[in-house]
Amino acid sequence: MGLTLAEKIIKEHIVDGDMVKGTDIGLRIDQTLTQDATGTMAYLEFEAMGVPRVKTERSVAYIDHNTLQTGFENADDHRFIQSVCKKHGIYFSKPGNGICHQVHLERFGKPGKTLIGSDSHTPTGGGIGMLAMGAGGLDVAVAMGGGAYYITMPKMVRVNLTGKLNPWVAAKDIILEVLRIMSVKGGVGKIVEYGGEGVKTLSVPERATITNMGAELGATTSIFPSDELTLEFLTAQGRAEDWIELKPDADAVYDEVIEIDLSTLKPMAACPHSPDNIKTIESLAGQKVDQVCIGSCTNSSYRDLMTVAHILKGKTIAENVSLAIAPGSKQVFNMLALNGALGDLIAAGARILESACGPCIGMGQSPNSKGISLRTFNRNFLGRSGTKDGQVYLVSPETAAASALTGVFTDPTTLGKGYEVEMPEKFLINDNMVIAPASVEEMDNIEVLRGPNIKPFPETSPLEDTINATCALKVEDNITTDHIMPAGAKILPLRSNIPAISQHCFTVCDPDFPARAKSLGSSVIVGGANYGQGSSREHAALAPLYLGVKAVLVKSFARIHRANLINAGILPLEFVNEADYDKISLGDELVLPDIKKIVESGKDVLIINKTTGEDILAKCELTDRTKAIIIAGGLLNYTKENS
């Protein structure tokens with residue numbers, strides 16, 4: 001029996017366990033990336049491990065999230081990260097060099113390599129045939145120190161692409177169709193692998209758009225083959241030597257196969273407030289638009305923005321629309337400036353933003369109250385834009401540009417003759433904003449610079465024999481990490497200060513939660529299905545840890561957040577019977593007797609609701625390794641004990 005593309009890379013990198021689906025496996029990690037919203041904590045964790053220099057082939061720290069410097073906090077974090085990188089062997093991408101996933105695709109990613117990043121959209125690297133996965137910052141720190149990255153061996157899904165996209169239908173519409181089919185929960189425990197004759201019609205930037213938004217499926221990752229188009233892209237980046245051919249075996253077996261005829265797709269939008277709430281632009285046509293934002297790690301490539309410039313050239317955006325455009329990297333920005341396309345965008349009335357994440361994480365460009373905002377981004381969760389009642393739709397650059405001109409939802413297929421961007425034979429290559437680390441001989445002379453906002457990792461303690469706790473919060477299905485630990489310009493600067501940022505934990509759902517949880521001292525959070533979807537931010541586990549949360553009891557978890565809870569030493573519990581969700585209310589006193597022995601044995605956890613007198617059973621499905629992590633009080637304690 002042959003292997004899928006992903007299975008081939010896993011086989012080459014597995015260092016612990018066997019390739020048996022549903023079991024824990026440890027992978028050797030070739031590359032890591034961090035960004036500044038998660039990076040400060042990741043590097044504090046790396047320092048705490050006591051490893052003098054990273055052991056990966058390439059580790060890169062990007063400054064792309066907290067670039068709005070309204071106070072000293074972000075600048076201090078950037079300075080800290082740069083000094084840590086210089087000392088410990090990590091490359092540093094300065095603010096302005098671009099968004100981590102776009103730059104990594106251009107300059108560092110290699111087919112067949114493993115990559116983990118402290119950002120959930122790290123699977124962008126699957127566009128050039130990497131096994132690229134989002135992870136918590138502590139997992140990235142361990143990988144930088146030479147440790148394995150553990151995942152549950154996933155099921156394999158084949159998305160078979162046939163035919164060719166019609167003019168003005170985009171790669172964004174492909175992934176929106178996959179989301180329509182699979183939903184935001186449909187990829188949990190799976191790797192999505194793209195194949196079929198239709199793959200040959202998609203450039204690397206288009207493939208990267210698709211793998212980027214695979215994160216919204218809840219998938220472990222998504223991946224494309226590495227073929228002659230991958231070679232063309234890498235050659236144009238001056239990196240032909242990094243190319244290898246990668247494809248699945250002809251007799252590879254998949255757990256699930258999805259067929260998509262590209263010629264049947266139409267321009268689509270993910271409607272508020274979920275990436276899988278899909279409608280055609282045709283069905284939305286004519287509705288008023290207030291704002292259009294083009295960019296993010298999903299759609300900010302040279303190809304994307306050249307298409308937008310073609311649509312806008314010689315025209316003016318509608319008087320009721322605010323249009324903002326952020327090129328994904330300095331490379332893209334500079335090439336647009338030199339070939340005249342940037343001038344076309346400016347002349348049309350676009351507001352040009354720096355090469356950073358910006359509006360995607362609520363860092364500026366929040367829409368007006370109840371405003372309809374068309375965005376080429378990857379997430380449209382309620383309030384993520386910075387406007388609580390903002391109505392955010394996720395669309396392709398083609399749809400965004402067409403709608404910016406008319407002021408209403410506009411199907412780009414009405415633009416007439418299609419336009420094909422000619423990919424350059426050679427991209428403009430200038431890595432002068434990537435700072436190399438000090439040599440081994442010089443590293444001991446480097447001082448790590450810390451500002452007053454940088455606080456240490458929260459203290460953890462080994463698992464207690466019995467947990468007595470109060471239900472401090474009860475929430476519904478599809479709670480995102482934006483609910484748990486909001487982003488935005490006011491909160492993101494506190495990412496290196498857990499005591500301060502914890503005061504914003506769950507305030508989207510309940511403004512009183514932080515004070516209540518802290519006063520209780522020991523508490524439990526109860527939630528619904530797909531709890532913790534969205535960002536990889538480990539702060540969504542570290543803030544509850546600081547506030548005294550001992551366990552999270554839900555119907556089901558999103559992958560990365562569950563791993564982050566384990567890394568923080570918080571028990572991840574799931575109802576054996578989902579109907580028992582109704583047996584717990586806010587303020588109920590709960591007892592988990594003999595919890596340490598039960599975790600060690602792997603049996604179901606008994607939860608006694610002292611308030612109502614009812615008993616509830618919960619699953620705590622842990623491997624031998626994750627049991628040991630929970631018992632130790634988290635991954636940092638476990639790593640120290642086993643180093």
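Of the residues in segment 269-290, none is in a strand (DSSP E or B), in contact (Cβ under 8 Å) with a residue 24 or more places away in the chain and closer than 16 Å to Leu202 by Cβ.
Whether a residue is within 26 Å of Leu138 (Cβ to Cβ), touching a residue at least 24 places away in the same chain (Cβ under 8 Å) and either surrounded by fewer than 23 Cβ atoms within 10 Å (Cβ to Cβ) or charged (D, E, K, R) (or both) was assessed, and Gly534 does not pass this test. Across segment 316-343, the number of residues qualifying as assigned to a loop (DSSP other than H, G, I, E, B) and farther than 19 Å from Glu425 by Cβ comes to 9.
Each residue in segment 295-315 was checked for being touching a Leu at 6+ places or on another chain (Cβ under 8 Å), in a loop (DSSP other than H, G, I, E, B) and surrounded by fewer than 24 Cβ atoms within 10 Å (Cβ to Cβ), and 1 pass. Evaluating Ser222 against the criteria (1) surrounded by 19 or more Cβ atoms within 10 Å (Cβ to Cβ); (2) in contact with a strand residue (DSSP E or B) (Cβ under 7 Å, 6 or more places away or on another chain); (3) farther than 30 Å from His561 by Cβ; (4) not assigned by TED's automatic domain parsing to the domain that holds Ser366 leaves one unmet condition, (3).
Within segment 425-446, restricting attention to residues that are loosely packed, with under 15 Cβ neighbours inside 10 Å and under 31 Å from the mean Cα position of the chain (by Cα), which residue is farthest from Phe80 (Cα to Cα)? The residue in question is Glu425.
The requirement of being acidic (Asp, Glu), without any contact (Cβ under 8 Å) to a residue 60 or more places away in the chain and out of contact with any Lys or Arg (no Cβ under 9 Å at 6 or more places or on another chain) is satisfied by Glu621.
Looking only at residues of segment 40-70 that are farther than 12 Å from Ile81 by Cα and among the β-branched types (Val, Ile, Thr), we find that the one that is surrounded by the fewest Cβ atoms within 10 Å (Cβ to Cβ) is Thr70.
Cβ-Cβ distances below 9 Å connect the following pairs, each with a first residue in segment 362-390 that is in the same structural domain as Asn299 (by TED's automatic domain parsing) and within 23 Å of Gln102 (Cα to Cα), a second residue that is modelled with pLDDT of 95 or more and of a type in the set (Lys, Arg), and a separation of six or more residues or different chains: Gln365/Arg351; Thr376/Lys172; Ser385/Arg375. Number of residues in segment 586-609 that are in contact with a strand residue (DSSP E or B) (Cβ under 7 Å, 6 or more places away or on another chain) and of a type outside the set (A, V, I, L, M, F, W, C) equals 6. Listed conditions (1) without any contact (Cβ under 8 Å) to a residue 60 or more places away in the chain; (2) part of a loop (DSSP other than H, G, I, E, B) are all met by Lys185, apart from (1).
The single condition among (1) at pLDDT below 95; (2) within 19 Å of the chain's Cα centre (by Cα) that Thr70 does not satisfy is (2).
Is it true that Phe72 is out of contact with any helix residue (DSSP H, G or I) (no Cβ under 7 Å at 6 or more places or on another chain) and among the aromatic types (Phe, Trp, Tyr)?
In short, yes.
To keep it simple, each residue is scored yes or no on (1) more than 24 Å from Lys94 (Cα to Cα); (2) among the basic types (Lys, Arg); (3) part of a strand (DSSP E or B).
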site: Ile9; (1), (2), (3): yes, no, no
site: Gly22; (1), (2), (3): yes, no, no
site: Thr32; (1), (2), (3): no, no, yes
site: Thr40; (1), (2), (3): no, no, no
site: Leu44; (1), (2), (3): no, no, no
site: Ala48; (1), (2), (3): yes, no, no
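Scanning segment 132-151 for any residue that is farther than 28 Å from Leu636 by Cβ, of a type in the set (Gly, Ala, Ser), at pLDDT 95 or above and assigned to a loop (DSSP other than H, G, I, E, B) turns up nothing.
Given the structure, is Leu284 buried (at least 17 other Cβ atoms within 10 Å of the Cβ), assigned by TED's automatic domain parsing to the domain that holds Cys360 and closer than 16 Å to Trp168 by Cβ? When the stated conditions are applied, Leu284 passes them.
The values are calculated or read from the model by the stated rules, or taken from the named source; none is laboratory data. None of these values were measured; they are calculated from a predicted model. Please note: Cβ atoms are built from the backbone with ideal geometry, for glycine as well, and neighbour counts cover all protein chains shown.
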